[in-house]
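The values are calculated or read from the model by the stated rules, or taken from the named source; none is laboratory data. The structure displayed is predicted, hence computed values, not measured ones. Counting neighbours? That spans all protein chains shown, and the Cβs are built from the backbone with ideal geometry, glycine included. Each accessible area value is taken on the protein alone, full model and side chains, heavy atoms only, with ligands, DNA and RNA left out. Shrake-Rupley method; radii C 1.70, N 1.55, O 1.52, S 1.80 Å.
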Amino acid sequence: MANTMASGSRTTTLPQSKEALLKSYNARLKEDVRSMLENFEETLKLARRESHSQISRTTQCEQDALEMQIRASNMVRAGESLMKLVADLKQYLILNDFHSVNEAITNNSQLFRATQIECDRKLMKLRDEMAMDLYDLEEEYYTSIFN
């Protein structure tokens, strides 16, 4: 079963496997962005918090510092995951953008055909000029007195 996806002015039909892949990319994107946002918000909450708890201030500071480090590493992991997603999307586009590849092949083919026609035309003109010159030279040779 194929699904249709509109992109700009063209409509393309995607097989189910490609659609599933694109959905997984979208899910990864949302999950990583959500993770970065949540961890950043929680880090900001930790930085603003004045604690009035049962544990000592030093212990609370160490606990907050550890939680900030964990949240920072979670943000870094989400960022790396986003960079990997971008690389995967680039690879997917390069390997599966058949429309652009076919368009480039068609353009090159038309260019090469035009070049071939131009070369053929020039060669025909050169052949005709050489044939006329050869005819003139033969006529001159056979009508000369040195023959």
Failed criterion for I105 (all others in (1) free of Cβ contacts under 8 Å to residues at least 12 places away in the same chain; (2) open to solvent by less than 70 Å² (accessible area, probe 1.4 Å); (3) β-branched (V, I, T) hold): (2)
Flag for Q69 being open to solvent by 100 Å² or more (accessible area, probe 1.4 Å) and more than 30 Å from L29 (Cβ to Cβ): no
Pair list, Cβ under 8 Å, 6 or more apart: the range 20-40 residue in contact (Cβ under 8 Å) with a residue 12 or more places away in the chain, other residue in a helix (DSSP H, G or I) and open to solvent by 60 Å² or more (accessible area, probe 1.4 Å): Y25/L89; S35/R77
Test set (1) assigned to a helix (DSSP H, G or I); (2) farther than 30 Å from A20 by Cβ - S53 fails condition number: (1)
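Here's the yes/no breakdown for (1) closer than 22 Å to K30 by Cβ; (2) more than 19 Å from the chain's Cα centre (by Cα):
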{"position": "M75", "(1), (2)": "yes, yes"}
{"position": "S81", "(1), (2)": "yes, no"}
{"position": "S109", "(1), (2)": "no, yes"}
{"position": "E118", "(1), (2)": "no, yes"}
{"position": "A131", "(1), (2)": "no, yes"}
{"position": "D136", "(1), (2)": "no, yes"}
{"position": "F146", "(1), (2)": "no, yes"}
Which listed residue is within 26 Å of L22 (Cβ to Cβ), within 12 Å of the chain's Cα centre (by Cα) and open to solvent by 100 Å² or more (accessible area, probe 1.4 Å), from L95, L89: L95
Selection status of A114, modelled with pLDDT of 95 or more, in a helix (DSSP H, G or I) and either in contact with a His (Cβ under 7 Å, 6 or more places away or on another chain) or among the small types (G, A, S) (or both): yes
